[in-house]
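In what follows, a structure is listed as structure tokens, so that the remarks can point back to it.
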Amino acid sequence: MNLDWEHETLEQYAANLGSRPAVTVTFTDFPLSEKDKENVDAAFEQIRANGGTMLLTLEPKQGLASVTSEKADELASTLARFNNAGVPVIVRFAHEMNGSWYPWGQQPAAYVAAYQLVAEAVHTKAAGTAMMWAPNYGGGYPFSGGKYEAVTGSPDFATLDTDKDGAITGSDDPYAPYYPGNDAVDWVGMSLYHWGNTYPWGANVIPEPGKFLQQLTGTYSGAGGNDLAVPDFYADYGTARNKPVAIPETAALTVASGEGADVLAIKEAWWGQLFDPAIPKDYPALKMINWFEWDKDEVEVKATVDWTATKDPLVREAYTAALPHWFTFAETSEKCTPAESAAS
């Protein structure tokens, strides 16, 4: 799950959920400032007490040039300390890099180089840490109009024009130019939300049956558009490369306009697809699903979106009742006591 740390502790969330989440996502700027280090350490302490895994999302907001070998080594040393204290970590570096909304977006050459640099440091120094590559779902690619959209005529533009027709369109591959290579990647993941059906987003709409798995496998064509040009992420990057697949961010859009479908009906329809009993049998490489437990302002919607599943008691009751038996949760961590010194 993705916790809004400023409004809820992991212990409070686990109590509301009725189970300890196996993976908890935390976001931080990278390179880490002293304040960032304090915040990540605080998240680590909560996760260590919970008994689960940290999914650390690194956001190089100063640009990919700020990612240096020195900073990567410092990070890896910190992660080794977490690992040695019993907390596994998965690093999700510069997520949604195929989008045009982040300072690291649509810069495939610089992105791949920075990812590989961080991966080498992590793999060398932090044995209990893995690296995750996680683009945004490719429907709507190339996500034109964002601040960091690839500039026509640039080397990045040429790389992203995978069909070499002189333009970047939905026919170009939204994933392949950004892939850092099998040696650098341990997990593959995808941000995959139900935003509704039509842009601009903001309408309360129940997701169509089967939408989640269709989008994951590149077979979606429905009310949200024809996305059949989008590759099969699950097969191409999961099974074909023997990588575990994650959905590190997901939820269903609901706004407080009072118009459209019922909030609970929207959320239930989406998590019903995430909890499909066919998944462990038919999609065994799908190993992780993280709900985005935030109530936050979204620029695309120009409104506050309630992505949460446990804030409202009615929604929480339905959500916790729907959690499938095949999910794995964190076990209660054992309390440790200092060993007696040899002198005593």
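The values are calculated or read from the model by the stated rules, or taken from the named source; none is laboratory data. Here the structure is a predicted model, which means the values were calculated and not measured. Heads up, the Cβs are rebuilt from the backbone with ideal geometry, glycines too, and the neighbour counts pull from every protein chain shown. What goes into the accessible areas is simple: the full protein's heavy atoms, side chains included, and nothing from ligands, DNA or RNA. Shrake-Rupley method; radii C 1.70, N 1.55, O 1.52, S 1.80 Å.
Scanning region 41-65 for residues that are under 12 Å from TYR115 (Cα atoms) and either among the basic types (Lys, Arg) or open to solvent by 10 Å² or more (accessible area, probe 1.4 Å) (or both) gives GLU59, LEU64, ALA65. Before we move on, is SER191 in contact with a strand residue (DSSP E or B) (Cβ under 6 Å, 6 or more places away or on another chain), hydroxyl-bearing (Ser, Thr, Tyr) and at pLDDT 95 or above? So SER191 passes the test. How many residues, within region 200-219, are open to solvent by 40 Å² or more (accessible area, probe 1.4 Å) and either in contact (Cβ under 8 Å) with a residue 60 or more places away in the chain or of a type in the set (Gly, Ala, Ser) (or both)? The number of residues fulfilling the criteria is 5. For region 70-101, the candidate set comprises residues that are in a loop (DSSP other than H, G, I, E, B) and more than 18 Å from the chain's Cα centre (by Cα); within that set, the residue that is farthest from ASP172 (Cα to Cα) is ALA85. Evaluating LYS35 against the criteria (1) surrounded by 14 or more Cβ atoms within 10 Å (Cβ to Cβ); (2) basic (Lys, Arg); (3) more than 19 Å from the chain's Cα centre (by Cα) leaves one unmet condition, (1). Looking at the structure I just gave you, is TRP294 open to solvent by less than 20 Å² (accessible area, probe 1.4 Å) and of a type in the set (A, V, I, L, M, F, W, C)? Judged against the criteria, TRP294 is not a match. Take region 138-197 and flag every residue that is aliphatic (A, V, I, L, M), surrounded by 20 or more Cβ atoms within 10 Å (Cβ to Cβ) and touching a residue at least 60 places away in the same chain (Cβ under 8 Å). VAL185, the sole residue that qualifies.
Examine region 268-284 for a residue that is assigned to a strand (DSSP E or B), open to solvent by less than 20 Å² (accessible area, probe 1.4 Å) and touching a residue at least 40 places away in the same chain (Cβ under 8 Å), and state whether such a residue exists. No - not one qualifying residue is present in region 268-284. Considering only residues that are open to solvent by less than 50 Å² (accessible area, probe 1.4 Å) and either part of a loop (DSSP other than H, G, I, E, B) or hydroxyl-bearing (Ser, Thr, Tyr) (or both), which ones fall in region 125-137? Scanning region 125-137 gives ALA126, GLY128, THR129, ALA134, PRO135, TYR137. Any residue that is assigned to a loop (DSSP other than H, G, I, E, B), over 19 Å from the mean Cα position of the chain (by Cα), over 26 Å from VAL118 (Cβ atoms) and in contact (Cβ under 8 Å) with a residue 12 or more places away in the chain - is there at least one of those in region 231-253? No; the residues of region 231-253 include none that is assigned to a loop (DSSP other than H, G, I, E, B), over 19 Å from the mean Cα position of the chain (by Cα), over 26 Å from VAL118 (Cβ atoms) and in contact (Cβ under 8 Å) with a residue 12 or more places away in the chain. Would you be able to say whether some residue in region 97-117 is out of contact with any Phe, Trp or Tyr (no Cβ under 7 Å at 6 or more places or on another chain) and within 22 Å of ILE47 (Cβ to Cβ)? Within region 97-117, not a single residue is out of contact with any Phe, Trp or Tyr (no Cβ under 7 Å at 6 or more places or on another chain) and within 22 Å of ILE47 (Cβ to Cβ).
Any residue in region 102-124 that's assigned to a loop (DSSP other than H, G, I, E, B): show its pairings with residues that are among the basic types (Lys, Arg) at Cβ separation under 9 Å, as long as the two are six or more apart or on different chains. The qualifying pairs are TYR102/LYS61; TYR102/LYS147; PRO103/LYS61; PRO103/LYS147; TRP104/LYS61; GLY105/LYS147.
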